[in-house]
Amino acid sequence: MDYSIFKALNFNMEGIEAALICYDVMCQWSVHMKERVIGSNYLKLPDGLELRLGIGLFHIHGHQDTCLARYSPSFIKGGRQIDGETIETLWAPLNEISRSTRGMSTSHRREVIDDHMNDSNWKKLIDLGKFPPPSYGYRVSAYVGWVVNAVSRRYRKALSGATISTAAFESINVSASPESVEAWSAEEEYAQRERGRDVKVMDIYDIKRKQCGYNYSMICLPDIRFQSHRVQRYFLN
């Protein structure tokens, strides 16, 4: 995993200042990541590149509660609402061929599954859409007319979700005092700035809960022969 990620980060990265990396177990893999890079003769982190480490929304809700605020793309600049997965999204359509493959031999089953996966990859390739050459000088908004099918559908869905999220945010924002908004904004700026150094600063996004204390009582029953009788008398009285 270390080799594949850092080799990719050192390929054609000129002019890129930040990289978002989503991994199913990022909360474990990233703990001693920098130490492994420093101690390796084959791994190198590009100078000036900021790593934004997260866990895709497809997996993060199965982690501990603390992982949500620290690694969710929803709280990472440039991340937002992404599932962070590719292979898992193919499982649902591939399940449709299970009725045909269940009676096949091992080699035949592999060939059929490979054919369906190659067909899926080809459809995604021709479904990406085209963009005009950069020399046209168009802004990003002008690119929308060139995007087709998959990218276009996701863009429209993102616009719809952004409109709903903005309205919900504004309704909450106007109910808070200016002092609270200023304090929260300062905390957020600090957390985003220091996230790469210590991911625990992202805990400000977590729900603040008060721990409740519990009092326990013990009933001593020295004689097992009178256990049922004494328990009944204790609760009935």
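Since every read-out is calculated from the coordinates, none of them should be taken as a lab result. It should be emphasised that the depicted structure is a prediction, and the values quoted were computed from it without experimental measurement. Positions of Cβ are generated from backbone atoms using ideal geometry, with glycine treated the same way; all protein chains shown enter the neighbour counts.
Quick notes
- Length gained on full extension, residue 102 to residue 36, computed as 0.36 nm times the residue gap minus the Cα-Cα distance: 19.4 nm.
- Segment residue 86-residue 163, extension gain: residue separation times 0.36 nm, minus the distance between their alpha carbons: 25.1 nm
- Residue 184 versus residue 111: modelled label distance in nm, points set 7 Å from Cα along the beta carbon direction: 6.1
- A straight Cα-to-Cα reach below 26 Å connects residue 124 with the lysines 7, 157, residues fewer than 8 places away in its own chain not being considered.
- Neighbour cut-off at most 13 other Cβ (10 Å), DSSP loop, chymotrypsin sites (Phe, Trp or Tyr not before Pro), the stretch 1-90: 11, 42
- Amide H partners (placed H, <5 Å) of residue 18, local residues excluded: 50
- Label point distance in nm, residue 25-residue 170, each placed 7 Å from Cα along Cα→Cβ: 4.5
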